[in-house]
1. Tally time: how many residues in segment A:580-591 are within 35 Å of the chain's Cα centre (by Cα) and of a type in the set (S, T, N, Q)?
2. Going residue by residue through segment A:84-103, is there one that turns out to be open to solvent by less than 10 Å² (accessible area, probe 1.4 Å), of a type outside the set (K, R) and assigned to a loop (DSSP other than H, G, I, E, B)?
3. Could you say which residue among A:K590, A:K509, A:K540 is free of Cβ contacts under 8 Å to residues at least 24 places away in the same chain and basic (K, R)?
4. Kindly provide the set of residues from segment A:578-587 that are exposed (fewer than 15 other Cβ atoms within 10 Å of the Cβ) and assigned to a helix (DSSP H, G or I), ordered by number.
5. Would you please list the contacts, defined by Cβ atoms under 7 Å and residues six or more apart or on different chains, that run from a residue in segment A:679-695 that is within 14 Å of chain B (Cβ to nearest Cβ) to a residue that is among the charged types (D, E, K, R)?
6. If you take the residues in segment C:85-112 that are open to solvent by 90 Å² or more (accessible area, probe 1.4 Å) and within 9 Å of chain B (Cβ to nearest Cβ), which one is modelled with the lowest pLDDT?
Amino acid sequence: MHLSETVQTGFYFLAPWLVLAPVVGLLINAIFGRYFSEKVVGTVASAASGTAFIVSALLAYSVSASHGGVVSVPFAEWIHIGNLKLDWTFRVDSLSTTMMLVVSGVGTLIHIYAIGYMHEDVRFKHEEGRFTRFFIFLNLFIAAMMILVSGDSYLMLFVGWEGVGLASFLLIGFWFEMDTLARPSWANSNAAKKAFITNRVGDFGFLIAGFLMFWYLGSFQFDEVFAAAPAIAESAPWVIVAITLFMLIGVAGKSAQIPLYIWLPDAMAGPTPVSALIHAATMVTAGVYLVTRSAPLYSLVPEAQYIVAMVGAGTALFAATIAVGQYDIKKVLAYSTISQLGFMVAAVGMGAYVAGMFHLITHAFFKALLFLSAGSVILGLERGHHAHEHHAHHDEKPKGKKKKEEEHGHGGHDDDHGEVFDPGDMRNMGGIRKTMPVTFWLYMIGTLALAGIFPFAGFWSKDEILLDAKLHYPSVYWQLSIAAFFTAFYMGRQIWMVFFGEARTDAAKHAEESPKVMTVPLMVLAVLSVVGGALNLPFKGFHQLGHWLEYTLGHLEFPPFDLGVAGISTVLALLAILISWLLYGRNPLKGNQPDPLKKPLGFVFTGMENKWFVDEGYDVLILTPFRKISQFLADVIDWRFWHDFVHDTVIAGTYTWVSSIALDRYADQRGIDAFANWLGTATQWVSDNVRKIQNGFVRSYALSVLLGVVLILGYLILK
Amino acid sequence: MVPVDYYIALSAILFVLGTLGVLTRRNPLIIFMSIELMLNAANLAFVAFSSVYQTFNGQIFVFFVIAVAAAEVAVGLALIVEIFKSRRNINIDELNSLKG
Amino acid sequence: MNSDLIVFLVLSLVAISSALGMLFSRNAVYSALFLVLNFITVAVFYLLLGAPFIAMSQITVYAGAIMVLFLFVIMLLGAENLAPGNSLPWQKPLAGLLSTILAVEAIYILFSRARSDAVITAPDASLNTMESLREMAMTLFSDYLLPFEVTSILLLVAMVGAIILTRREKGGQS
């Protein structure tokens, strides 16, 4: 096919390579990775992801060239039973290509970053062989995510949904035998299990939604479902309500909304690129994508939309308050992510799909930037910690060095005082601005974008959500505004604690800047975080993203720019930053000083610090009863009743009794055994006696012959 | 005018006597002679029936039997001589190795 | 009671007596001689039954050749008397019992199916002629040619066998 023709007819035939490219990448690394150097492994994985990005771009170009034509690219037959035909088909339209671009674009940058990050991470953790494994998982994630966003039906979407869940599980538990501080423990694998099981709850909802959909609407395919939905909504509206609400459970699971968000903070146990890619930029937005994709369904049932919006707004506010009380740099960002996801879910719940998708994209940029910068900070501290430690050893006790390294071999990262040094704790930082200037500036850009300061990307996308909220759901608007205030506050707090003031530890003092392979992708993301707002400026004639998504979602209303909303949010953000400066910037934290918020807020801050005791609440409300029931079932029902009583006593006992008494003693011992023994004895006796007949005397033998003759004759006579 | 049954009875008696000799005597030569006696008893029955039925078949059978007996005796006596040569004894009770 | 029957009974007595004599003689030589007597008696029976050729064969082959061979071997091995002793004490009574039963059975069969019409008369003069001998020879060399030839081979084999058995290996190991 000639290029010119292809340009005209579109690059749709390339769609399968969205999935195949990362699969090929992971296969190459899985099979040949052991012979490759780290650079080759990272390059292969990044190239695989980059190929997916190029394909996405070509597909987006084709969609654009055809003015939003929705094209289905059949790829493989899957299930054909009677009239049921479920195929693997790629759906290329403006919505899916948007997601593809975000996933593969951000994904590729994070792949490149991870080459540098994992190079050091595997060395700090003394497991250099796991470098290849990391990139295999990362490519697996890209492939699954591509299946998710490119699927033509809810079923394919679900396949990808589960695939990214698996990749997430594998990557959260990447350092499965240690905790985040590299001490031997099952903390990381427990975090992975928590994420997986919590997602299972959500997937259960998604599955029920799928079953209902198939039962009442007769299909999984998007277009067919949407075509059949209005009629059903007329006759049985509860069906659509049920489908959308069960789908919301799935969304809550995957996109970390109340009440299933609890897994996401723990998921920070994974390496930082994973947190950035999966647990901030892409996978967790799958729920937002799902709601947007199901827009025709949600539009039919405003009640469900309202619930979605309230869940999103509630999550946004709730998570933002928790983020204020966190000390771990990644935990703050994790709660921030939950909060921002709440913004998106609220937006798509309100029907502001463009605003939701817009925020999804800008959030992918700046949250990935923040996470990766945080990773850079953590590694910088780690470097500083190691450099200082080795320095100290060289100077003071050179003989102890060997012993120290042996301890390191066992996974210990003790500092000189025997306590574990946590490079992610913001209380261990301070003043890093001077030692890591590049990271500082990148972090600042991300912070400003997240806080919603003009003209950064977050400002535009967040304001669009607030604008829609104000027009439709005032209560949501107020919740989100307060959440935005908290967002600016906790980000300000973080900046002051991490980068300003004086170094509170030796590690922070000796922190070192990250290499270019890590900072260059960050710069790209920083640029995107600055100019990303241009995608959808809220002025007439500038709604590029809106018009782009109109191809898929149908006609949309674009509310005009409201200076009031923008002004209020900007004032709130600046106010929050000011307060944070007053608390944390003016008087920087000293060594072991408690958080300055602790005194004025009292028990409220304790609640924030402890995530409002939600985990403990779940533990009391769900896990403890669950464990007790399980224990009861296992111990009493299964073990004592089934095993001890039914199996051991009744079945085994009866069997033993029957076999030992009836069968063994009588039938076997006195019957079969006795007969067999008798047979043996008899044979012995007979042979003992018959043996005597064969005495070797020919005369005797002749006598036997005569006996035979006599007998035969006698028989003949008497016959 | 002798009924054929008399001849057969005589044949039977001689046969039984031969049997007795085979079974009771310990001298292999006498056992051998007893066997010859049994053969003679059978021959007598043959010839008697041949006479009754006025055919030569019975007589020809006897002729063959005599020939076979001659051959048998030749080999049998050769065996006895051989046994004697190897064991210096021909007591049949000492030749009891014919068993498993 | 005619003369034929008297002759038969007397000869029978001689035959049985000689058989018993053979059976119970201590000395093997006596046994052999009793047997010769028995054979000659049987030969006379053959003559009475009109089988002169068989009678002659009996006397020449049995009473002559075979018994001479027996006597020769008895004397050669010095086996006239064996050392007394009996390793099978129950053999004798059991053999006697069984033999008696056999005899009773045989006689019973004989007389339970007796054919009174089948009698053997004294042989005609015509029977004892060369014609009858010729006729027998014709039967022997026509109908029974194959068995005759096989018999000749049997005799040859027996002869070779006897020679092989008794021959001393050249070189002395035996």
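The values are calculated or read from the model by the stated rules, or taken from the named source; none is laboratory data. These numbers were taken from a predicted model, which means no experiment stands behind them. As a convention, Cβ positions derive from the backbone with ideal geometry for all residues, glycine included, and neighbour counts pool all protein chains shown. These area figures cover heavy atoms from the full protein model, side chains too; ligands, DNA and RNA do not enter into them. Shrake-Rupley method; radii C 1.70, N 1.55, O 1.52, S 1.80 Å.
1. Residues meeting the conditions: 1.
2. Taking every residue of segment A:84-103 in turn, at least one turns out to be open to solvent by less than 10 Å² (accessible area, probe 1.4 Å), of a type outside the set (K, R) and assigned to a loop (DSSP other than H, G, I, E, B).
3. On the way: A:K590 fails: free of Cβ contacts under 8 Å to residues at least 24 places away in the same chain; A:K509 fails: free of Cβ contacts under 8 Å to residues at least 24 places away in the same chain.
Going through A:K590, A:K509, A:K540 in turn, the sole match is A:K540.
4. Restricting attention to segment A:578-587, the residues satisfying the condition of being exposed (fewer than 15 other Cβ atoms within 10 Å of the Cβ) are A:578, A:582, A:586-587.
Residues satisfying the conditions are A:L578, A:L582.
5. If the second residue must be among the charged types (D, E, K, R), the pairs left are A:Q694/B:K99; A:N695/B:K99.
6. C:F111
Quick grid of which residues meet (1) open to solvent by less than 40 Å² (accessible area, probe 1.4 Å); (2) over 22 Å from A:V201 (Cα atoms):
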residue: A:L575; (1), (2): no, yes
residue: A:L589; (1), (2): yes, yes
residue: A:P594; (1), (2): no, yes
residue: A:G607; (1), (2): yes, yes
residue: A:E616; (1), (2): no, no
residue: A:V620; (1), (2): no, no
residue: A:L623; (1), (2): no, no
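Conditions (1) surrounded by 22 or more Cβ atoms within 10 Å (Cβ to Cβ); (2) in contact with a helix residue (DSSP H, G or I) (Cβ under 7 Å, 6 or more places away or on another chain); (3) at pLDDT below 90, marked per residue:
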position: A:A449; (1), (2), (3): yes, yes, no
position: A:A511; (1), (2), (3): yes, yes, yes
position: A:L528; (1), (2), (3): yes, yes, no
position: A:A534; (1), (2), (3): no, no, yes
position: A:L537; (1), (2), (3): no, yes, yes
position: A:A566; (1), (2), (3): no, yes, yes
